[in-house]
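Novice: Quick one: the structure is below, questions incoming.
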Amino acid sequence: MASLIILPQTGFGGKVLSPASLEKMTTPFKNNYACGLSVEAKNGRKVIQHGGGIEGFNTELDYYPGDKLTVVVLGNVNGQAPGDIAVKLAAVVHGEPVKLNAELKEITLDPKVLAPYVGTYELMPGVNMLITLNGNRLSEKLATQPSFPIFPESEALFFLKVVDAQIEFVNDGGKVTALILHQGGRDQKARRMSDKADAPPGPQHKEVQVSPRAREICRNLRDGLGHRCDHDRRGRASDDADHRTAEVRIVRRIGNRVLPQGDRSTG
């Protein structure tokens, strides 16, 4: 643990990398992603971070260059817990208030208050959050993730119980125009695209016309492969396995290139 804390101080202190190399390594080139590091703002402070995980373990290392603060969290559980804990630990050091999910209190709202929040919100290009209403309960669904209920803390602020996150609805002149996702120290605004919660259409498959000759080739290869397998079961030499493997590859290659999606089974 001590080495993990010392590492950022050494690496970002000019003892390992030149200023030019350090600048290049920590400059994002795609969204917030730099050279193996994520660089963004959390609670208004610049943070350079990197997380990782493997089956049963997740980790988070956050470095705040403004006050040379390093936060390391090692967890023996999969999920977002280490990242969420790191944000809260940094907030404690910075003297900011920290509110745990267990401290949030749900209130009851009339469905008429909840109905205007229903709709499709664009979190980023191609990534939508759907807000739906079932009875007196709102739920959110982000992209292809499952749908989860959200619980009102106030008329505009809701929280999730499955993760440490809050959703705040923005009301502009009596009309809901956006929502803000508060999670992991980040505030992501999503513009309201529609007053209907419509999932985007799934991928469209296009049928491809296949020539009779191509179908004949595939049938012949299939029949030949079956014939070879029969011989093998009768005790044919094991080196025939190489020929069978080659024929399987030929069948798959032809199938992948010329057969329509619905006819792959015939190859």
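Novice: Search region 58-68 for residues being over 21 Å from the mean Cα position of the chain (by Cα) and closer than 15 Å to residue 39 by Cβ, and hand back the single one that is surrounded by the fewest Cβ atoms within 10 Å (Cβ to Cβ).
Specialist: Taking region 58-68 and keeping what is over 21 Å from the mean Cα position of the chain (by Cα), we get 63-68.
Remaining after also requiring closer than 15 Å to residue 39 by Cβ: 63-66.
On the way: 63: 23, 64: 20, 65: 15, 66: 10.
Top of the filtered list is 66.
Novice: Out of 123, 130, 114, report the one residue that is assigned by TED's automatic domain parsing to the domain that holds residue 176, of a type in the set (A, V, I, L, M, F, W, C), buried (at least 16 other Cβ atoms within 10 Å of the Cβ) and touching a Pro at 6+ places or on another chain (Cβ under 9 Å).
Specialist: Going through 123, 130, 114 in turn, the sole match is 114.
Novice: For region 24-57, how many residues meet the condition of being in contact with a Leu (Cβ under 8 Å, 6 or more places away or on another chain) and among the polar types (S, T, N, Q)?
Specialist: So the count comes out to 2.
Novice: Right, here's the next one. For residue 146, are the conditions met, namely being surrounded by 14 or more Cβ atoms within 10 Å (Cβ to Cβ) and over 30 Å from residue 46 (Cα atoms)?
Specialist: On the way: surrounded by 14 or more Cβ atoms within 10 Å (Cβ to Cβ): no; over 30 Å from residue 46 (Cα atoms): yes.
In short, no.
Novice: Taking the criterion of being under 21 Å from the mean Cα position of the chain (by Cα) and of a type outside the set (Gly, Ala, Ser), would at least one residue in region 169-177 satisfy it?
Specialist: Just the residues of region 169-177 that are under 21 Å from the mean Cα position of the chain (by Cα), to begin with: none.
No - not one qualifying residue is present in region 169-177.
Novice: Just need a number here: residues in region 14-68 that are farther than 23 Å from residue 84 by Cβ and out of contact with any strand residue (DSSP E or B) (no Cβ under 6 Å at 6 or more places or on another chain).
Specialist: The total comes to 16.
Novice: State which residue pairs qualify: first residue touching a residue at least 60 places away in the same chain (Cβ under 8 Å) and within 16 Å of residue 182 (Cβ to Cβ) and inside region 77-92, second residue small (Gly, Ala, Ser) and surrounded by fewer than 17 Cβ atoms within 10 Å (Cβ to Cβ) in any location, beta carbons under 9 Å apart, and separation of 6 or more residues or different chains.
Specialist: Going by the 9 Å Cβ cut-off, the qualifying pairs are 83/51.
Novice: Hey, another quick one. Quick one: which of 159, 169, 151 is under 26 Å from residue 60 (Cα atoms), touching a Phe, Trp or Tyr at 6+ places or on another chain (Cβ under 7 Å), surrounded by 14 or more Cβ atoms within 10 Å (Cβ to Cβ) and free of Cβ contacts under 8 Å to residues at least 60 places away in the same chain?
Specialist: Values: 169 fails: under 26 Å from residue 60 (Cα atoms); 151 fails: under 26 Å from residue 60 (Cα atoms).
Testing whether each residue is under 26 Å from residue 60 (Cα atoms), touching a Phe, Trp or Tyr at 6+ places or on another chain (Cβ under 7 Å), surrounded by 14 or more Cβ atoms within 10 Å (Cβ to Cβ) and free of Cβ contacts under 8 Å to residues at least 60 places away in the same chain leaves just 159.
Novice: If we only count strands (runs of 3 or more DSSP E) wholly inside region 106-214, which ones have 1 or more residues that are of a type in the set (Phe, Trp, Tyr)?
Specialist: It comes to 119-124, 147-152, 157-159, 165-172.
Novice: Considering only region 74-90, state which residues are of a type outside the set (Val, Ile, Thr) and either outside the structural domain of residue 59 (by TED's automatic domain parsing) or in a helix (DSSP H, G or I) (or both). Let's see the steps before the verdict.
Specialist: From region 74-90, those of a type outside the set (Val, Ile, Thr) are 74-76, 78-84, 86, 88-90; that's our starting set.
Once the filter is applied, which keeps residues that are of a type outside the set (Val, Ile, Thr) and either outside the structural domain of residue 59 (by TED's automatic domain parsing) or in a helix (DSSP H, G or I) (or both), region 74-90 yields 81, 82, 83, 84, 86, 88, 89, 90.
The values are calculated or read from the model by the stated rules, or taken from the named source; none is laboratory data. Nothing here was measured: the structure is a model prediction, and the numbers come from that model. Cβ: placed from backbone, ideal geometry, glycine included. Neighbour counts: every protein chain shown.
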